[in-house]
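Data block below; observations after.
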Amino acid sequence: MKQSVLDSAQLPLIIRERDVEYQFHRIVLFDRLIKGYPYTKVMVVKEARIDIPPLVRPHVWAVILDINVRPSYQHFNDAITTQWELLYRDSVVGTETVV
């Protein structure tokens, strides 16, 4: 992780929740840990003690509580893909006009 992300881990929770780069790194970390469940459960719990990004909270709690997360995990990936496409679409909207 970059030093700025590591420094962000020391900030109060309210600030960390609004730091986009920090949240991105935490989401990627939890994504990898959840994919390794059940072998990574101890690491998930350890990281959850620091904080859990809002986007992955249901999945992290499912791992912590030993609930089968595999069927719903595809919805998580679809949600990320959909949000990514909404944020970074390159298509020009036909309603854009110059006044």
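Key figures
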| read-out | value |
| --- | --- |
| Any chance residue 70 is at pLDDT below 90 and touching a Ser or Thr at 6+ places or on another chain (Cβ under 7 Å) | no |
| Cβ pairs under 6 Å, 6+ apart, first in region 38-57 and under 19 Å from residue 17 (Cβ atoms) and surrounded by 13 or more Cβ atoms within 10 Å (Cβ to Cβ), second at pLDDT 90 or above and polar (S, T, N, Q) | 53/23 |
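The values are calculated or read from the model by the stated rules, or taken from the named source; none is laboratory data. Nothing here was measured: the structure is a model prediction, and the numbers come from that model. Note that each Cβ is placed from the backbone with ideal geometry, even for glycine, and that neighbours are counted across all protein chains shown.
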